[in-house]
Structures are given as structure tokens and as C-alpha cells.
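Engineer: Pasting a structure below so you can have a look.
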Amino acid sequence: MNTPPKHLEDCRTFFADSIDPFILMDQDFQVIWCNRAFLNTFGFAAEAADGADFAGLMGCPDSIFDLTEIMRRLQLGEPVRMRTLLRSATGEPVHVDCGGHALPRSASAGNDPRYMLIVRDISAMSMAMEALEANGNNTYRKLFENAVEGIFRTTPEGRYLDANPALARIYGYSSPQELIQHFSNIASQLYVDESRRDQFQEIMRKHGEVWEFESRIYRKNGEIIWISENSWIVRNSMGDIDCYEGTVTNITRRKETESELELQRARFTKLFENSPQAIVLIDTKGFITDVNRGFEELFGYSHQEVVGKRNREVVVPKELRFEAEQFYQNLSKGLHIQKETIRLHRSGRQIPVSVLGYPIRIGGEITGLYYIYADITERREFQDQLAHQAFHDSLTGLPNRALFMERLGRAVARAKRRENYRFAVFMLDLNRFKVVNDSLGHQAGDKLLIGVSRRIQSCIRSVDSVARLGGDEFAVLLEEYNVLQDVAEIAKRIHEVMKAPFVLGDQKIVTQASIGIVLKTEHYDNAEAILRDADIAMYRAKERGRIHSVRFKVFNKKMHLQATENLQIENDLRIAVYEGQMVLHYQPIVTVHDQALTGFEALVRWNHPRLGIVPPARFIPIAEETGLIIPLGAWVLEESCRQMREWRAELEDTGQLTMSVNISSKQLAQPDLVSFVKGVLERNSLSPQCLKLELTESVFLQDAPRATETLRSLKELGVQIVVDDFGTGYSSLNYLKLMPVDTLKIDRGFISGQDNCQQNLEIVRSIISLARNLGLQVIAEGVENEEQLRNLINQQCDAAQGFMFSKPVDNYKATQLIKKLSR
Ligand code: C2E
Ligand code: CA
Ligand code: CA
């Protein structure tokens with residue numbers, strides 16, 4: 001054996017007696033030196049070994065690659081640790097753990113030892129292991145094959161050494177073999193995030209094991225799943241890392257649930273915190289565990305003040321505790337609740353809220369509940385307001401027709417059920433409301449309506465109701481009265497309160513109201529019929545008298561007949577003028593001082609084929625309502641003027657006689673009235689001075705420019721204008737100065753009316769003095785007796801008309817009168 005270089009002397013001495021086999025090799029891997037243990041272990045003679053080629057000497061077919069690898073590494077200067085097989089002198093394979101190093105180069109080149117190897121014989125241990133494995137193999141293998149967890153063995157560098165079917169399944173491979181062959185680099189091929197492998201290694205290095213290492217990985221088909229790995233280092237007999245062994249579970253489902261939960265929790269937290277609705281969380285015992293800002297704002301409590309308290313004692317009104325208990329019971333059963341109710345503000349103020357309640361379930365168990373409150377005050381108010389608007393009159397705030405009809409309907413139904421239940425209905429209408437509205441303006445009209453509604457309300461009891469049906473119509477429902485006297489009492493009270501004038505700005509207005517009453521309500525089956533009859537009675541009340549401030553009429557059967565008759569009249573009236581059923585009667589007008597005839601008032605009569613003579617009061621209002629007054633009025637004007645021409649032609653001293661014709665406001669509104677009047681006069685060769693047109697006061701009060709214009713034109717034509725029924729209108733007399741009026745005709749109520757004679761005398765006196773001041777003529781109508789005439793003489797009234805001189809008479813009798821009276 002060659003003399004070893006000096007610097008290796010110590011090494012040889014050290015290894016000469018080592019129990020582990022040791023060899024030194026030159027750069028060509030030829031054995032330079034080996035120790036005794038080497039010769040013994042492998043059975044070589046020292047001569048056989050010396051200078052031999054290492055691979056040729058010890059290589060065996062199973063490990064030829066290992067030897068190549070060992071030599072390659074040593075050449076590269078890397079240390080080697082490997083378990084492999086070497087051949088003994090007898091050709092037997094020997095299991096060895098092999099460790100090698102490249103030695104530092106010496107100055108002298110050539111035959112220097114370059115590599116050293118220690119090859120420990122582990123055959124005995126291997127055999128023991130094999131025996132052991134053979135023994136336990138079955139159970140182990142079974143476990144390995146059938147485990148639900150994936151089991152692997154990898155090299156630290158990242159190759160699979162072994163994998164069980166479960167792992168192949170988890171990673172999406174058809175077999176463990178496929179899996180093992182597929183991977184050459186776990187870091188880049190398996191992990192979605194490549195750095196996971198470094199982290200894995202890091203932990204392995206530090207702790208030798210890894211627990212519940214969770215990562216996202218690619219399956220074979222590219223799908224990404226979550227896995228959890230447990231792994232540990234497996235070391236060889238020399239304590240070096242042999243491989244990593246470990247298990248894999250697919251935790252994708254759990255991860256998804258977790259992230260779903262997390263998302264939900266995040267969402268809930270966000271909702272909870274930012275919800276404008278008040279949310280309270282309550283535990284199973286009813287104690288508040290949390291409230292949000294919305295809750296603090298809605299109920300005025302801070303978080304600290306309420307947490308730990310019972311929700312029921314904080315926000316639930318005492319009287320609703322039972323309801324709250326019901327909520328709680330339902331929620332405890334797993335139901336949810338939804339309700340609109342009342343909760344209390346800290347101040348004690350009641351808040352209308354909508355409540356949503358849900359149980360909180362975790363793992364199928366109810367662990368608490370929560371309520372969501374929304375303030376519905378505004379919605380409630382809006383709904384209330386809408387309901388109010390739908391059923392109330394905006395001007396007076398009274399119930400409207402719809403609500404009144406509903407109440408009336410209920411009263412009808414109640415009367416059917418309860419024998420002693422009685423009710424009555426009033427319908428009230430202001431007689432000249434339109435005049436107030438037109439002359440004083442809508443604001444004054446509105447004020448008057450409000451005033452009237454207040455006064456009516458002051459007369460009724462709390463069980464009764466007043467409604468405004470529309471326009472100037474009001475209705476009263478009197479419920480549960482005992483005796484008729486009660487109803488009469490209320491009617492009387494209404495009469496009383498309506499008498500006082502209404503102050504509208506600087507005007508004082510005395511209204512006149514007509515009231516229709518339905519008493520025998522038990523005969524009715526529906527509300528409409530009652531209101532219809534109250535309406536009929538009211539119209540009848542209107543027809544009577546003129547000066548009383550309030551007139552009543554209780555509905556009776558006759559009225560019903562009359563109402564149906566009205567319809568009949570309307571129908572018949574349409575043809576009456578054309579069928580020649582109309583006739584004119586004439587009532588003389590005389591001078592007051594010597595009762596000389598000055599003219600006639602033409603008054604229309606209807607000679608109805610079935611009903612006989614129908615008075616104008618019966619059909620004029622209907623004619624006015626239906627517009628039939630236009631052809632009728634035209635006929636009256638034509639016929640009266642024709643009569644006047646006839647008298648002029650046939651009788652003497654008729655040149656000064658005048659003809660008074662009543663003109664309704666509808667006629668005045670006709671644009672062609674002036675030309676029509678002119679035509680009539682011309683056709684009958686009459687001078688305009690002999691025609692007097694009588695118009696009621698309301699015509700002048702209405703601020704209708706066209707009517708005023710028409711009056712002016714008529715006046716220009718030379719026709720005279722008379723204010724009929726003077727004194728029954730409103731206090732404003734300004735129009736007398738502005739309108740082209742010639743004569744005032746004092747209403748017969750002041751002349752022949754019965755009540756308050758002294759007062760009437762005064763009124764007549766003032767009217768006459770007013771007329772004098774304005775330079776107008778005055779006629780008194782309705783003069784029935786000497787006394788009345790005497791008064792007129794005393795007061796120097798100009799003309800008079802009345803039954804005392806003559807009733808209205810037909811044209812034949814009128815002719816006689818002319819002959820007799822005109823001298
Ligand atoms: P008016 O214009 O005030 O007519 C006077 C009414 O008083 C007439 O009733 C007449 O018969 C009645 N009368 C006359 N003297 C007396 C008396 O001494 N005592 C009483 N208590 N009454 C007396 P008539 O004819 O029934 O007419 C009623 C109303 O019908 C008239 O009231 C007038 O407004 C209307 N009218 C009558 N004819 C016509 C017409 O041709 N056209 C229009 N538009 N209306 C008419
Ligand atoms: Ca008249
Ligand atoms: Ca009159």
C-alpha cells in the first residue's frame with residue numbers, strides 16, 4: 001500500500017481501528033487505503049482491495065445507479081449520505097449506510113487520496129426490519145390502502161415516494177401510481193400558492209412535524225380545493241431525514257361553510273350596525289344582549305342602559321305585555337313574527353312600530369332571538385291623513401258625504417236589529433249661499449260655511465254627526481233619541497243659532513236656511529232613500545215663506561208623491577209651451593193715491609191637460625233648473641206684448657198702460673236677450689217705455705259682467721227695469737247706484753206678511769225713503785186690505801198691486817178691468 005500523504009496520517013490512525021468500514025480513494029475512485037473493518041466486513045484481502053476500482057470492486061446490479069450517483073456527488077464536492085447495496089468478496093449484497101466526503105486537495109497532485117467513504121453494514125438491521133415489516137405488513141398495508149385520509153410519503157425535495165388510494169382520490173388521480181408519476185415538484189405542481197411548500201419545510205425544519213397545515217391545492221383537473229396536512233419527518237438509522245410521511249384531508253366543504261359563515265357574520269354585523277331600523281338581540285331568557293344604533297335612536301336608550309335588562313321591561317307598554325309574551329312564545333317555537341304595534345320611547349312617548357322577530361338558531365338549537373323595529377309613525381300619520389281626507393271635507397273638517405252615508409247605512413242596519421233604536425236625519429241648505437259667494441267673494445263664502453258648520457255642531461249631542469255633503473248642503477244624523485221632542489229640541493236650537501248674523505270681514509250676513517227632516521226612518525231599507533227624502537223635504541221648506549231665517553219641513557208621504565210629480569212635471573213641461581198649454585194671467589198695478597190702473601204684471605199659468613191649472617211656483621223652479629225657462633220666458637214676453645198691442649188697438653186710453661214681465665236670471669244670461677226684446681217690441685209696434693222687466697235682487701248681486709251689460713243695453717233701449725221681491729236679498733245696496741234700475745218692488749212679505757208688523761212697516765218706510773233718495777219708483781205688491789193701502793198712502797208709495805185690487809185674471813177679465821178702471 002502506498003505511503004499516505006502526511007496530512008492524512010492522523011485520519012488513518014483514527015480510522016484504522018474504527019468498527020465502521022472506511023476507505024480512501026484517489027481521483028479515479030481507485031482504492032488507496034482501507035481499514036480492517038472494511039476488509040472484514042466485505043471479506044477482501046488487503047491486496048485485492050488496494051488499487052482496485054471502487055465500482056468494479058463493490059458494485060452490484062441493483063445499486064449500480066447509486067454508486068454512479070455517489071461518485072457524481074463526490075466529484076462535485078458534495079457530501080453523500082445514502083442507503084444502498086454493496087458487493088462483498090463472495091458476491092453477496094450487503095446493506096449499507098454510506099457516507100462520503102471529498103477531501104481538500106494537497107499541493108502534490110497525482111496519487112493523492114481524494115475521497116473517503118464510511119460504509120456501515122446494516123444488513124442485520126435491515127433483516128430485522130424486513131422481518132418486522134413482513135410481520136406487520138398486512139395490517140399496515142390494509143390500513144394504508146383503505147384509509148379515508150390520504151397518506152403520503154415524500155422526499156423533502158418534493159417527490160412522492162408513496163401515496164394511498166385515498167390521496168389519489170382527493171387529488172383527483174385514478175391511482176396512486178399515476179399520482180406518484182405525475183409529481184416531480186410538489187411546491188409548484190400541488191400548491192396554488194407555491195410558497196406554501198417553503199412554509200411547510202420551515203415548520204418541518206423547526207419542529208420536525210406539521211399539524212393541520214391548511215392550503216389550497218390543485219387537483220388533477222385544475223380544480224382548487226382546500227386540504228389539511230399532518231406530517232412528520234421519518235429518519236433513517238443514522239438519524240438523517242429519510243422522508244416526510246403524513247396524512248391529507250379534504251377540508252373544502254368545511255372551508256366553504258366557514259367562509260359562508262364568516263360572510264354571513266360580516267353581513268349581519270354590517271346590517272346590525274348600520275341599519276336605520278332598531279335591532280335588539282335577546283338571549284333565551286329574554287335579556288338584551290346587544291342593541292344597535294338604530295335602537296338607541298328610536299327608543300332613546302344607550303347601549304349600556306339596556307344590555308342585561310329584559311326587553312319587555314324596557315320598550316313594551318304595560319298593556320301590551322301579553323302580546324309581547326305571545327311573540328316570545330312563538331319565537332321560542334322557532335316561528336317568526338311580524339306585527340304592527342306600539343312600543344315606548346324612553347320618555348314614555350308611544351311609537352307606532354312594525355316588529356319583525358326571528359329566532360337565532362345555531363346548530364338547530366335556538367340560542368336567542370332578535371327583533372327589528374321600524375318606526376311607522378309617518379306612515380301611520382299619512383294613512384290617517386289619507387283616510388281623513390277621503391272621508392272629510394277639507395274646508396270645514398266635517399265628515400263628507402261618503403262617511404255620512406256609511407254612518408247612515410249603519411244606523412239603518414242597527415234600527416233593523418234593535419227595536420228601540422231610533423234615528424232622524426236633517427238636511428240643511430243655505431238659501432242664498434250662491435248670492436253671498438257671488439257678491440262677497442269665495443273667501444267670504446268659505447267663512448260662512450265654516451261658521452255654519454260650527455253653529456250646527458254646537459247644537460248636536462256627541463252621539464250625533466254633522467256632515468257637509470257638498471256646496472252649502474249639510475246633513476245631521478241624530479242617533480238614539482228617545483222622544484220626538486228631542487229632535488224638535490235640536491231643530492229649535494239650530495233655528496236659534498242660525499238667526500244671529502254671521503260676521504264676514506266688515507259685512508254682517510243673515511243667512512236663511514231650509515231644513516228637511518226625515519223622522520220615520522224605520523220604514524227605510526237604505527241610506528240613499530233617507531237622504532233623498534230629506535232632500536225633498538228641504539226643497540219643500542225652501543218653497544215656503546221668505547223671511548224666516550230657518551224653515552223646517554218634515555218629510556211625509558205627500559212629499560214623496562210630489563217628488564215623483566216633479567219628475568212628471570219636468571217631462572210634461574218640455575212639450576207644454578209648444579202644445580199651447582201655457583196661458584197668461586194679468587194682475588193690475590194701480591197708483592197708490594187714487595188707485596188708477598197703470599198697467600199689468602203678466603203671470604204665467606199652466607193649463608195642464610190632466611192636473612188642471614198649475615201655479616208657477618210648481619213649475620217655474622223646475623223650468624229654471626232644466627233651462628226650459630228660456631223658451632217659456634220667450635213665449636211669455638211675446639204673448640204679453642201681443643196682448644198689449646191688442647188692447648192698444650181695441651181699447652181707448654190704453655197708451656199709458658205698461659206691461660210688467662218677469663225675467664229669470666237664466667234669461668238674462670242669454671246673449672241675444674236684447675235683440676229678442678227689441679224684435680218683440682217692433683213686431684207689436686210697442687214703444688220700449690211700456691215694457692217693464694222684473695228681475696229679482698240676486699240678479700243684481702251676482703257679479704256677472706254679461707248680465708250687467710245686458711241690463712245696460714236694455715236700459716238704453718228704453719225698457720224699464722224693476723227689482724222684484726226687494727228686501728229679501730242681502731244688505732249690500734251698492735248695486736242700486738251702479739245698476740240701471742228704475743223701480744223697486746217691495747216684497748209682499750213686508751206688506752201682507754203676518755209677523756212683526758211694526759218691524760215690516762219700518763222696513764217699508766226705509767225702502768221708500770231709500771228709493772226717494774235714489775230717484776227710483778216704488779211699487780208695493782201683496783196689498784190685500786185697506787189698512788195696508790192706508791199705510792202706503794201715508795208713506796207716499798207710488799204704485800200698488802194685490803188681491804185688494806184684483807187677483808191675476810185671464811185676458812178677458814183683464815179687458816173688463818181696463819174698461820172699468822181707466823177713465
Ligand atoms: P212674483 O213675480 O212676485 O209675482 C207675484 C205673485 O204674488 C203672484 O203669484 C201673484 O198671484 C201673487 N200675489 C199678487 N197679489 C197678491 C196678494 O195680495 N197677496 C198674495 N198673497 N199674493 C199675491 P204667482 O202668479 O203664483 O207667481 C208666483 C211667482 O212665479 C212670481 O212671483 C214669479 O216669481 C213667478 N212667475 C210667474 N210668472 C212668471 C213668468 O212668466 N216668468 C217668470 N220668470 N216667473 C214667473
Ligand atoms: Ca213679479
Ligand atoms: Ca214679487
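Rule-based calculations on the coordinates, nothing more; no lab input. Worth saying up front: this structure is predicted, and the values here are computed from it rather than measured. All Cβ positions, glycine included, derive from the backbone under ideal geometry; neighbour counts span all protein chains shown.
Engineer: At 25 °C and 0.890 mPa s, grab the translational diffusion coefficient of the range 701-811 from Stokes-Einstein with a Kirkwood Rh over Cα pairs, rounded to a whole number in µm² per second.
Structural biologist: Rounded, D is 164 µm²/s.
Engineer: Right, something else. Please compute, for the alpha-carbon atoms of the range 151-255, the extent along each of the three principal axes and give them in descending order in Å.
Structural biologist: That gives 40, 27, 21 Å along the principal axes, largest extent first.
Engineer: Spelling out what I want: for every residue of the range 649-659, take phi, set θ = phi - 60°, compute 6.51 cos²θ - 1.76 cosθ + 1.60 (Karplus), and round to whole Hz; glycine and proline get x.
Structural biologist: Going residue by residue, I get 6, 9, 10, 8, 6, 9, x, 9, 5, 10, 10 Hz, with x marking Gly and Pro.
Engineer: Could you order peptides 739-752, 773-786, 288-301 by the average number of other Cβ atoms within 10 Å of their residues, highest first? Walk me through the numbers before you get to the answer.
Structural biologist: Details: 739-752: 21.6, 773-786: 17.8, 288-301: 19.9.
Sorting 739-752, 773-786, 288-301 by mean packing, highest first, produces 739-752, 288-301, 773-786.
Engineer: Now for a separate question. At q = 0.08 Å⁻¹, what log₁₀ I(q)/I(0) does a Debye calculation on the Cα points of the chain give, no solvent, two decimals?
Structural biologist: -0.90
Engineer: Residue by residue, what Karplus-based ³J(HN,Hα) values in Hz, rounded to whole numbers, does the range 381-389 have, using 6.51, -1.76 and 1.60 with θ = phi - 60° and x for Gly and Pro?
Structural biologist: 4, 5, 4, 4, 5, 4, 4, 5, 4
Engineer: Cβ under 10 Å from residue 150's Cβ, residue 150 left aside: what net charge do those residues give with Lys, Arg +1 and Asp, Glu -1?
Structural biologist: Numbers: positive: 169; negative: 149, 229.
Local net charge: -1.
Engineer: For residue 666, list the lysines whose Cα falls under 25 Å from its own Cα; do not include residues on the same chain fewer than 8 positions away.
Structural biologist: Straight-line reach from residue 666, under 25 Å: 434, 542, 678, 692, 715, 737, 745.
Engineer: Order 466-479, 398-411 from most to least packed using the mean count of other Cβ atoms within 10 Å.
Structural biologist: For the peptides 466-479, 398-411, the packing ranking is 466-479, 398-411.
Engineer: If I take every Cα pair under 8 Å that is 6 or more residues apart in the range 134-283, average their sequence separation and divide by the length, what percent do I get for the relative contact order?
Structural biologist: Reported relative contact order: 18 percent.
Engineer: Farthest toward the dipole's positive end in the range 271-403, which of 395, 274, 374, given Cβ charges of +1 (Lys, Arg) and -1 (Asp, Glu) about the Cα centre?
Structural biologist: Among 395, 274, 374, the one farthest towards the positive end of the dipole of the range 271-403 is 374.
Engineer: Along Cα→Cβ, 7 Å out, is where each label goes; now give me the distance between the ones at residue 101 and residue 303 in nm to one decimal.
Structural biologist: Label-label distance for residue 101 and residue 303, simple model: 6.7 nm.
Engineer: Students often get this wrong: which residues of the range 195-234 have the backbone nitrogen under 11 Å from the point 7 angstrom along Cα-to-C-beta of residue 178?
Structural biologist: 220-221
Engineer: Quick one: length gained pulling residue 205 to residue 395 fully straight, 0.36 nm per residue minus the C-alpha distance?
Structural biologist: Length difference between fully extended and current span is 59.2 nm.
Engineer: Okay, next question. Could you let me know the centre-to-centre spacing of the range 758-823 and the range 388-464, using Cα atoms, in angstrom?
Structural biologist: Their Cα centres are 43 Å away from one another.
Engineer: How far is it, in nm, from the label point at residue 525 to the one at residue 685 when both lie 7 Å from their Cα along the line to the Cβ?
Structural biologist: 6.7
Engineer: So what's the net charge close to residue 183: Lys and Arg +1, Asp and Glu -1, counting the other residues with Cβ under 13 Å from its Cβ? Before the final figure, lay out the partial values.
Structural biologist: Numbers: positive: 153, 159, 197, 219, 220; negative: 157, 162, 178.
Residues close to residue 183 contribute a combined charge of +2.
Engineer: For the range 237-306, compute the orientation-averaged projected area of the C-alpha convex hull (one quarter of its surface), in nm².
Structural biologist: Averaged projected area of the range 237-306's Cα convex hull equals 9.8 nm².
Engineer: Now a separate question. Residue by residue through the range 296-308, what is 3J(HN,Hα) from phi via Karplus (6.51 cos²θ - 1.76 cosθ + 1.60, θ = phi - 60°)? Round to whole Hz and write x for glycine and proline.
Structural biologist: 4, 5, 5, 9, x, 9, 8, 3, 4, 5, 10, 4, x
Engineer: While we're on this one: What's the magnitude of the charge dipole for the range 185-266 around its Cα centre, counting Lys and Arg as +1 and Asp and Glu as -1 at the beta-carbon? Answer in Debye, nearest 20.
Structural biologist: It comes to approximately 120 debye.
Engineer: Want the number for residue 162 to residue 27: 0.36 nm per residue separation, take away the alpha-carbon distance, what's left? Mind dumping the intermediate values first?
Structural biologist: Working: separation 135, 0.36 × 135 = 48.60 nm, distance 3.71 nm.
Between residue 162 and residue 27, full extension yields 44.9 nm more.
Engineer: Would you mind calculating the relative contact order of the chain from Cα pairs under 8 angstrom and at least 6 residues apart, reporting the percent as a whole number?
Structural biologist: Taking the mean separation of contacting Cα pairs over the length of the chain, I get 5 percent.
Engineer: While we're looking at this one, here's another question. Given a Förster radius of 35 Å and the C-beta distance between residue 284 and residue 214 as r, what FRET efficiency does 1/(1 + (r/R0)^6) yield to the nearest 0.05?
Structural biologist: 0.55
Engineer: Using r as the Cβ-Cβ distance of residue 613 and residue 485, and R0 as 41 Å, what FRET efficiency do you calculate, to the nearest 0.05?
Structural biologist: With a Förster radius of 41 Å, E is 0.50.
Engineer: Pairs of Cα atoms under 8 Å, at least six residues apart: use those to get the relative contact order of the range 273-414, whole percent.
Structural biologist: The normalised contact order for the range 273-414 reaches 19 percent.
Engineer: Nearest 0.05, what FRET efficiency do residue 567 and residue 354 give at R0 = 56 Å with Cβ-Cβ as r?
Structural biologist: E(calc), rounded to 0.05, equals 0.55.
Engineer: So for each of 593-602, 573-582 I average, over its residues, the number of other beta carbons within 10 Å; can you give me the resulting order with the highest mean first?
Structural biologist: Output ranking for 593-602, 573-582: 593-602, 573-582.
Engineer: I would also like to ask the following. If you line up the Cα atoms of the range 435-507 on their principal axes, what length do they span on each, largest first, in Å?
Structural biologist: Sorted from largest, the Cα extents of the range 435-507 read 43, 23, 18 Å.
Engineer: Another one. I want the local charge near residue 354. Using Cβ-Cβ distances under 11 Å, sum +1 for each Lys or Arg and -1 for each Asp or Glu among the other residues.
Structural biologist: Residues close to residue 354 contribute a combined charge of +2.
Engineer: With the crude spin-label approximation of a point 7 Å out along Cα→Cβ, what separation in nm comes out for residue 296 versus residue 583?
Structural biologist: Each label point is offset 7 Å from its Cα along the Cβ direction, giving 9.7 nm.
Engineer: Extension gain residue 385-residue 143, at 0.36 nm per residue separation less the Cα-Cα distance, in nm?
Structural biologist: 79.2 nm
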